[in-house]
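Presented below is the structure to which this report refers.
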Amino acid sequence: MLSVANSEYWEQRYQEGTARWDLGKASPPLVSLLNSSDVTLKTGRVAVLGCGRGYDAMLFSDYGFNAIGFDFAPLAIAEATTLAQVNQNSAQFLQRDIFNLANEFPSYFDYVIEHTCFCAIDPEKRPDYVKLVRQILQPEGELIGIFFTHPRSGGPPFGITTEAIKQYFEADFEILSLVPVTNSVPERQGEEYLGHFRVR
Ligand SMILES: C[S@@+](CC[C@H](N)C(=O)[O-])C[C@H]1O[C@@H](n2cnc3c(N)ncnc32)[C@H](O)[C@@H]1O
């Protein structure tokens, strides 16, 4: 059986049409964040990790950010690229393993956007994920993440507690906020937290 660390595992789901995580639109809490008067994000370079078909990267591009979506599944990147072209959206999409980004994009991004990528990786790789986000962000760069806090065992999606999120990130990031999401899609109601962290 293929492991979640293997791009083929994900590629097969896109090929078979069983990418059930795909909302067909950007994550509602990210849309709310960009429309919120409480938080002001200055535009800049955005990386969307495990971007799938690219809706979140296209959202940030629509709001004036210079967005690049990364995914290692070829079909996800091909479909995201086509969607951006059809919608005349300037987000870029690159087929990459996120764990190889630090060499190519050291201290490059103002923001990293996380939505259903952290829950898709093997939990053993979570420390590597934190390190990679830290490495591709500029000094004082920010991670904006929708974390899947469901309590069920196994995965993907691999759930996590808010306490564990803090434990993973707080050595490298100042936790600006970590709050429950109130406008999740119905199947994720009560199981998402929005995190806003800044590089220490
Ligand atoms: C659950 S899906 C979510 C996709 C997208 N964020 C969305 O919400 O539609 C997880 C995505 O992460 C990608 N992924 C998982 N591990 C990855 C890695 N090491 N490098 C790049 N992409 C990865 C998969 O190919 C898949 O598209």
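Quick note: the coordinates plus some simple rules give every number you see, no bench work behind them. The shown structure was predicted, so the numbers you read here are calculated from the model rather than taken from an experiment. Every residue, glycine among them, receives a Cβ derived from its backbone with ideal geometry; neighbour counts consider all protein chains shown.
Applying both filters, DSSP loop and at most 10 other Cβ atoms within 10 Å, to the GluC sites (Glu not before Pro) of region 81-125 eliminates every site. When the trypsin sites (Lys or Arg not before Pro) in region 89-192 are filtered for DSSP coil states and for at most 12 other beta-carbon atoms within 10 Å of their beta-carbon, the remaining sites are ARG152.
Computed about the Cα centre, the dipole magnitude for region 5-153 is approximately 160 debye when only Lys and Arg (+1) and Asp and Glu (-1) carry charge, each at its Cβ. Straight-line cross-link reach from LYS131 at under 16 Å between alpha-carbon atoms covers these aspartates and glutamates, not counting any fewer than eight positions away in the same chain: ASP97, GLU104, ASP110, GLU114, ASP122, GLU140, GLU142, GLU170, ASP172, GLU174.
Of all lysines in the structure, those lying under 23 Å Cα to Cα from LYS125, and not within fewer than 8 positions of it along the same chain, are LYS166.
Given the rule -39500 (n - 2.57) for each run of at least 4 DSSP H residues, summed and divided by the residues of the chain, what is its mean residue ellipticity at 222 nm, to the nearest 500 deg cm²/dmol? So the helix-based figure for the chain works out to -8500 deg cm²/dmol. Computed about the Cα centre, the dipole magnitude for region 150-200 is approximately 40 debye when only Lys and Arg (+1) and Asp and Glu (-1) carry charge, each at its Cβ. Using alpha-carbon positions, what is the distance between the centroids of region 67-122 and region 11-46, in Å? Comparing the Cα centres of region 67-122 and region 11-46, I get a distance of 12 Å. Going by a ≥ b ≥ c, the root eigenvalues of the Cα gyration tensor, does region 1-147 fall in the rounded group (a/c under 1.5), the prolate group (a/b larger than b/c) or the oblate group? Because a/c hits 1.5 or more and a/b fails to exceed b/c, region 1-147 counts as oblate.
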